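The values are calculated or read from the model by the stated rules, or taken from the named source; none is laboratory data. It should be emphasised that the depicted structure is a prediction, and the values quoted were computed from it without experimental measurement. All Cβ positions, glycine included, derive from the backbone under ideal geometry; neighbour counts span all protein chains shown.
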C-alpha cells in the first residue's frame, strides 16, 4: 500500500513536470536588415503617387495607372505621403552610369546568420531605384 502511494505520487509529479515543460515556449528572434545604395546615376525629378511596397524598399512611386516607376531608397518615414500625388527628387540608378548595391543580413538568437549581396547596373534591375533626396505633396490624393 505504501509502495503504491509512492508510485502514484511519482507519477503525478512526473505529469506535473511534463505539463510545466509543455507550458514553456521557446522563442526565437530574427533580425533582418537591408541596406541599399545608389552609386552614380543622374538627378531626376518625377511626379506620381506614393504607395507602400512589400518588396526590398518600403515605398514606390507609381504613375496614374498604378504602374511602378521607381522603388524609393530612403531611411525616412514617408507614411504621411502614402496615397498622395507627390514630386520626388533624387538620383536615379537607371540613368547614366548608375549602380545599385543591396546588402541583406539576417541574424537569429539561435546563432544562425545569413548574408547576401547584389550589385547590378541600375538599368539591369527589375524595378528602377531612386535614391530619394526630397519629396513634397503636389496633389491631394491618388485614385
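What are the residue pairs meeting all of these: first residue in segment 96-121, first residue in contact (Cβ under 8 Å) with a residue 12 or more places away in the chain and at positive phi, second residue surrounded by 10 or more Cβ atoms within 10 Å (Cβ to Cβ) and in a strand (DSSP E or B), Cβ atoms under 8 Å, and 6 or more apart or on different chains?
Correct list of pairs: 96/42.
So which residues in segment 99-110 are in a strand (DSSP E or B) and surrounded by fewer than 16 Cβ atoms within 10 Å (Cβ to Cβ)?
Across segment 99-110, the qualifying residues are 101, 103, 104, 105, 106, 107, 108.
Exactly one of (1) at pLDDT below 80; (2) part of a strand (DSSP E or B); (3) closer than 23 Å to residue 133 by Cα is unmet by residue 96. Its number?
Result: residue 96 fails condition (2) only.
With within 26 Å of residue 134 (Cα to Cα), surrounded by 14 or more Cβ atoms within 10 Å (Cβ to Cβ) and at pLDDT 85 or above as the only criterion, which of 69, 80 stands out?
69
Which of the residues belonging to segment 50-69 are closer than 24 Å to residue 117 by Cα and in a loop (DSSP other than H, G, I, E, B)?
Once the filter is applied, which keeps residues that are closer than 24 Å to residue 117 by Cα and in a loop (DSSP other than H, G, I, E, B), segment 50-69 yields 53, 54, 55, 56, 57, 58.
Yes or no: segment 70-79 includes at least one residue that is in contact (Cβ under 8 Å) with a residue 60 or more places away in the chain and assigned to a loop (DSSP other than H, G, I, E, B).
Checked segment 70-79: no residue is in contact (Cβ under 8 Å) with a residue 60 or more places away in the chain and assigned to a loop (DSSP other than H, G, I, E, B).
Looking at residue 43, is it touching a helix residue (DSSP H, G or I) at 6+ places or on another chain (Cβ under 6 Å) and farther than 18 Å from residue 143 by Cα?
no
Out of segment 111-128, which residues are loosely packed, with under 13 Cβ neighbours inside 10 Å and part of a strand (DSSP E or B)?
113, 114, 115, 116, 117, 118, 119
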